[in-house]
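**Q** Below you will find the structure I want to go over with you.
The values are calculated or read from the model by the stated rules, or taken from the named source; none is laboratory data. Keep in mind it's a predicted model, so treat the numbers as computed, not measured. Cβ sites come from the backbone with ideal geometry, for glycine too, and all protein chains shown count toward neighbours. For the accessible areas, the whole protein counts, side chains as well, though only heavy atoms, and no ligand, DNA or RNA atoms are used. Shrake-Rupley method; radii C 1.70, N 1.55, O 1.52, S 1.80 Å.
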Amino acid sequence: MNDTALGEVIEATTRQFVAEVYEEADAPNFGAWVRVEPDGAPPLFGLVSHVETGSYDSNRQAVALGLSPEERAQEMPMVDELLRTTVRVQMLACEGPGGDLRQTLPPQPPGIHDFVAPCTEAQVRRIGAPFDYLRTLVEHPDPAVPVDDLLVAVLRRTYAAHGGENGGREPLVQAGRALSRLLDDDHERLQSILRRVL
Amino acid sequence: MLDLRQLRDQLSDFESHQGDRENRREAQEERARTLLRACHEHWRQVQDAAKAAQPRRLVAEMREPPAATHPAPERPTPITVVATDGSQIYPDRHLEPPFFLLNISQVAFQYGTTEKAHLDATPSLHFREPLADRFGEPLDTIPAELVSALRDEQELRRLLEAATTARVSGRPLVALADGTLIRWMIRGMDNDALESTLIARYTQFLDGFREEGRALASYVSLPASTEIVNLLRFVGGDLAAAPPDLPTRAPDAPRLDGLLDRHVLALILGPGERSAVFGSASHIQAEYPTGTDIAFFYLRVPGPGGGELGRVEVPRWVADDAALLDRVHATVLHECRKGEGYPLALSEAHERAVVRASEREAFYRLMERRLRRAGLEPTGSRKRRSKQRPRV
C-alpha cells in the first residue's frame with residue numbers, strides 16, 4: 001500500500017474524508033476512485049469529489065508575486081514548501097468481511113494517517129453494476145460539489161476502465177439506465193450528463 | 001468591556017498632546033541635524049573627547065564620519081542565506097510539575113538556484129535545566145529573562161549549525177539572527193555568576209562564527225536605541241560630561257529627549273542606503289571575547305511612506321571587512337524587499353518557530369494525558385483552564 005499511496009487521511013467521517021497529497025505524488029483527478037486500507041479492516045472505496053491546492057497554514061494566504069516560475073524558485077524558495085494539495089473523497093463502497101463489495105457507506109471511517117491509494121483499473125471495474133453508489137451520489141450529494149459534473153467524471157472513469165471503445169459502452173449503458181431511474185426520467189438532465197461523457 | 005463613550009474627552013487630550021509632540025520633534029530634528037553635521041566634520045576630535053570625558057550614557061563609537069551614507073551594492077547570486085528564530089512556553093507557576101519549552105527554527109535558502117529550501121523547527125522540553133542549581137531557585141520560579149536568554153543562545157547555536165551544514169563551497173553565505181547580538185538583557189538578573197555563564201555560553205557561538213570568518217548579522221526592526229542620539233547630546237553639551245570644543249555652534253535647545261537613533265538617521269539616509277558603521281559602547285561587551293564586539297549600522301528599508309529604518313548589528317570581523325559588510329548590506333536589503341519590510345528568511349524562521357495558542361493547548365493536553373496515564377496527576381491544570389475560558 002505504501003508504494004502506491006498518493007497521500008494520507010487527515011480528516012475522516014463515515015461519509016467522507018480529506019486526504020493530504022504527498023508533495024512528490026500526483027494529485028488524483030476529480031472523479032477518480034481511491035481506496036483506503038485501514039489497519040486490520042477491509043478496504044474502503046471513495047470518489048474524489050474535490051481537489052484543492054492552497055497554503056499549509058490557515059493563517060497565511062498565497063499572494064501574487066509577479067515572478068516567473070524560475071525567479072520564484074530562485075528567490076522565494078519557501079513558497080513550494082508552504083503549499084499543499086488536499087482532496088475530499090466521498091465514501092461510496094467498502095468490502096465486507098468476506099471480501100464482497102458493498103456499494104454503501106462503511107461501518108467505520110478510515111483512521112487518520114491511513115494511506116490513500118488510487119484504485120487500479122480492475123478495482124474500478126469491480127465498482128460497477130448495479131451502480132447503487134449512483135443513488136448515494138444523486139440523492140445525497142456533497143452540497144459544495146456540482147453533482148452532475150461529478151457524475152460525468154465517474155462515468156468517464158467507468159467507461160475508460162472497461163476499455164473505452166473496446167468494451168466500455170455496455171457498462172456505460174447500464175449506468176445510464178440506473179441514472180435515468182434516479183433522475184425520474186428527467187431526460188434533459190440525463191442527456192446533458194451523457195453528452196459530456198463521450 | 002471597554003466603554004468608548006468614556007474615552008471621548010481623553011482622546012481629545014491625546015490629540016492635542018500628539019500635535020505638541022510633533023512640533024517638538026521637528027525642532028529636535030533640526031538641532032540633531034546641526035549637531036550631526038558638526039560631529040561629522042570633526043569626528044576624530046569628538047571621538048577623542050568622548051573617550052576622555054567618559055559620559056555615563058552609552059555613546060556610539062565612531063569608526064568613520066557619522067553622517068556618511070553608503071548606497072546598496074548588488075547582492076551576489078547565488079548566495080546561501082540562513083536564519084533562525086525561537087519561541088517558548090514560559091514556566092507557569094500554576095502548573096506542577098514545572099518545565100519550560102523552547103522551539104527553535106532553522107531555515108536555509110540557496111538563492112539564485114533551484115535547490116530545495118530547508119525549513120524546520122526543533123522543540124526541546126526543559127525540566128532538569130542544570131542552570132537551575134546555579135540560579136539557586138527551584139525551576140518554577142525561573143524568570144522569563146532566563147528562559148529568553150537560553151532561547152537566544154539556542155537560536156545562535158542553531159544558526160552556527162545552519163551556517164555550517166547549508167554552506168556550499170565557493171558560494172557566499174549570510175547568517176541572519178533576529179534582534180540584537182548584544183546581550184544587555186542578561187544584566188539585571190542580580191546573579192553575577194549566572195550572568196557570566198550565560199554570556200560565555202552565548203559568545204562561544206559568536207566565536208564559532210569568527211573562527212570561520214562567516215558573515216553574521218542580526219536585524220532589529222523599529223529599534224529604540226539612542227547611542228547616536230547620546231553622541232549628539234554629548235556634542236551639544238546636554239550630558240553631564242564636558243562637551244568637545246568645536247568651532248561650529250549648534251543651538252542649545254530643545255533637548256533631544258525621546259529622539260531615537262533611527263529618527264536622526266532617517267534625516268540623511270535615502271532608500272536602500274546604509275549609515276556609517278558605529279561601535280556599540282554597551283558595557284556587557286566588556287565580557288565578550290576579543291574580536292567579537294558588536295558594531296551596527298542603520299539601513300533605510302524602502303516601503304510605503306518612505307519605508308522604515310532597521311538596525312543591523314554585525315560582529316567586529318564583519319565590520320572590519322568591506323566585502324563582508326557589503327554582502328550583509330545587500331543581502332539584508334534584498335531580504336527586506338522580498339519580505340515587504342522585514343527580512344524574508346527571518347520571517348520564515350519566525351513562522352516555523354512560533355508556538356500557536358492551539359498548539360500550546362495541544363501540548364498541555366498531551367502532557368496531562370501522559371502524566372495521568374503514568375499515574376501522576378498533574379496539578380493546577382484546572383486553574384489554567386478556567387483562566388482561559390471565563391464562564392457565565
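**Q** If we scan segment A:168-181, do we find a residue that is under 16 Å from the mean Cα position of the chain (by Cα) and either away from chain B (no Cβ under 14 Å) or open to solvent by 60 Å² or more (accessible area, probe 1.4 Å) (or both)?
**A** Scanning segment A:168-181 turns up no residue that is under 16 Å from the mean Cα position of the chain (by Cα) and either away from chain B (no Cβ under 14 Å) or open to solvent by 60 Å² or more (accessible area, probe 1.4 Å) (or both).
**Q** Out of (1) closer than 30 Å to B:THR114 by Cα; (2) more than 14 Å from chain B (Cβ to nearest Cβ), the odd one out for A:GLN103 is which?
**A** Unmet condition: (1).
**Q** While we're on this one: With the checklist (1) in contact (Cβ under 8 Å) with a residue 12 or more places away in the chain; (2) open to solvent by 60 Å² or more (accessible area, probe 1.4 Å) in hand, flag the one item A:VAL9 doesn't pass.
**A** Only one criterion is unmet by A:VAL9, namely (2).
**Q** If I filter segment B:285-306 for residues that are open to solvent by 60 Å² or more (accessible area, probe 1.4 Å), closer than 21 Å to B:THR80 by Cα and charged (D, E, K, R), do I get at least one hit?
**A** First, the residues of segment B:285-306 that are open to solvent by 60 Å² or more (accessible area, probe 1.4 Å): B:286-287, B:290, B:304-305.
This time we only want the ones that are closer than 21 Å to B:THR80 by Cα, so: none.
No - not one qualifying residue is present in segment B:285-306.
**Q** If we keep just the residues of segment B:344-365 that are part of a helix (DSSP H, G or I) and of a type in the set (A, V, I, L, M, F, W, C), which is farthest from the other protein chains (Cβ to nearest Cβ)?
**A** Filtering segment B:344-365 for residues that are part of a helix (DSSP H, G or I) and of a type in the set (A, V, I, L, M, F, W, C), the one farthest from the other protein chains (Cβ to nearest Cβ) comes out as B:PHE363.
**Q** Let me spell it out: the conditions are (1) under 22 Å from A:ALA12 (Cβ atoms); (2) open to solvent by 30 Å² or more (accessible area, probe 1.4 Å); (3) in contact with a helix residue (DSSP H, G or I) (Cβ under 8 Å, 6 or more places away or on another chain), and A:VAL154 meets all of them except one. Which number is the exception?
**A** (2)
**Q** Tell me, please, whether a residue that is in a loop (DSSP other than H, G, I, E, B), aliphatic (A, V, I, L, M) and more than 14 Å from chain A (Cβ to nearest Cβ) can be found in segment B:71-87. Break it down into steps so the answer makes sense when it comes.
**A** Within segment B:71-87, the subset in a loop (DSSP other than H, G, I, E, B) is B:71-78.
Subset that is aliphatic (A, V, I, L, M): B:72.
After this cut, where a residue has to be more than 14 Å from chain A (Cβ to nearest Cβ) as well, the list is B:72.
Yes, the conditions are met somewhere in segment B:71-87.
**Q** Also: With the structure loaded, tell me whether A:THR85 is of a type outside the set (Gly, Ala, Ser), loosely packed, with under 13 Cβ neighbours inside 10 Å and in contact (Cβ under 8 Å) with a residue 12 or more places away in the chain or whether it fails that test. If you could, list the steps in order and put the result at the bottom.
**A** On the way: of a type outside the set (Gly, Ala, Ser): yes; loosely packed, with under 13 Cβ neighbours inside 10 Å: no; in contact (Cβ under 8 Å) with a residue 12 or more places away in the chain: yes.
For A:THR85, the condition - of a type outside the set (Gly, Ala, Ser), loosely packed, with under 13 Cβ neighbours inside 10 Å and in contact (Cβ under 8 Å) with a residue 12 or more places away in the chain - is not met.
**Q** Quick check on my filter: what residues within segment B:258-294 are among the aliphatic types (A, V, I, L, M) and either within 16 Å of B:HIS329 (Cβ to Cβ) or modelled with pLDDT of 90 or more (or both)?
**A** Passing the criteria: B:LEU259, B:LEU260, B:VAL264, B:LEU265, B:ALA266, B:LEU267, B:ILE268, B:LEU269, B:ALA276, B:VAL277, B:ILE294.
**Q** Looking at segment B:249-272, which of the residues that are of a type outside the set (A, V, I, L, M, F, W, C) and open to solvent by less than 50 Å² (accessible area, probe 1.4 Å) is farthest from B:ARG25 (Cα to Cα)?
**A** Checked segment B:249-272; the qualifying residue farthest from B:ARG25 (Cα to Cα) is B:GLY272.
**Q** In segment B:206-221, what count of residues is obtained for those that are out of contact with any strand residue (DSSP E or B) (no Cβ under 7 Å at 6 or more places or on another chain) and closer than 18 Å to B:SER280 by Cβ? Outline the logic, then answer.
**A** From segment B:206-221, those out of contact with any strand residue (DSSP E or B) (no Cβ under 7 Å at 6 or more places or on another chain) are B:207-208, B:211-213; that's our starting set.
Checking which are closer than 18 Å to B:SER280 by Cβ leaves us with B:207.
Qualifying residue count for the region: 1.
**Q** Which one is nearest to B:ALA163 (Cα to Cα), of the residues in segment B:76-102 that are among the hydrophobic types (A, V, I, L, M, F, W, C) and buried (at least 21 other Cβ atoms within 10 Å of the Cβ)?
**A** Quick first cut of segment B:76-102, residues among the hydrophobic types (A, V, I, L, M, F, W, C) only: B:79, B:81-83, B:89, B:95, B:99-102.
When the remaining residues are screened for being buried (at least 21 other Cβ atoms within 10 Å of the Cβ), the result is B:79, B:81-83, B:100, B:102.
Values: B:ILE79: 12, B:VAL81: 8, B:VAL82: 6, B:ALA83: 9, B:PHE100: 27, B:LEU102: 21 Å.
Only one residue fits best here, namely B:VAL82.
**Q** Look at segment B:307-332 and say how many of its residues are more than 23 Å from B:ALA108 (Cβ to Cβ), in contact with a Lys or Arg (Cβ under 8 Å, 6 or more places away or on another chain) and of a type in the set (Gly, Ala, Ser).
**A** Adding up the residues that qualify gives 2.
**Q** Across segment A:103-135, which residue is most open to solvent (accessible area, probe 1.4 Å) among those that are touching a Ser or Thr at 6+ places or on another chain (Cβ under 6 Å) and farther than 25 Å from A:ALA178 by Cα?
**A** Among those residues, the one meeting the criterion is A:PRO109.
**Q** Please tell me if A:ASP80 is more than 14 Å from chain B (Cβ to nearest Cβ) and open to solvent by 60 Å² or more (accessible area, probe 1.4 Å).
**A** Criteria not met by A:ASP80.
**Q** Take A:ASP149 and decide whether it is out of contact with any His (no Cβ under 9 Å at 6 or more places or on another chain) and among the acidic types (Asp, Glu).
**A** yes
**Q** Taking B:THR69 as the residue in question, decide whether it is of a type in the set (Ser, Thr, Tyr), within 30 Å of B:LEU231 (Cα to Cα) and in contact (Cβ under 8 Å) with a residue 60 or more places away in the chain.
**A** yes
**Q** When the residues of segment B:110-128 are narrowed to those that are among the hydroxyl-bearing types (Ser, Thr, Tyr) and assigned to a strand (DSSP E or B), which ends up least open to solvent (accessible area, probe 1.4 Å)?
**A** That would be B:TYR111.
**Q** Within segment B:114-128, track down each residue that is more than 8 Å from chain A (Cβ to nearest Cβ) and closer than 19 Å to A:GLU71 by Cα.
**A** B:HIS118, the sole residue that qualifies.
**Q** Looking only at residues in segment B:307-337 that are assigned to a helix (DSSP H, G or I) and open to solvent by 40 Å² or more (accessible area, probe 1.4 Å), which one is nearest to the other protein chains (Cβ to nearest Cβ)?
**A** Taking segment B:307-337 and keeping what is assigned to a helix (DSSP H, G or I), we get B:316-319, B:322-337.
Narrowing further to those that are open to solvent by 40 Å² or more (accessible area, probe 1.4 Å): B:316, B:322-323, B:326-327, B:334, B:337.
Details: B:ARG316: 31, B:ALA322: 25, B:ALA323: 22, B:ASP326: 19, B:ARG327: 17, B:HIS334: 8, B:ARG337: 10 Å.
Looking at residues that are assigned to a helix (DSSP H, G or I) and open to solvent by 40 Å² or more (accessible area, probe 1.4 Å), I get B:HIS334.
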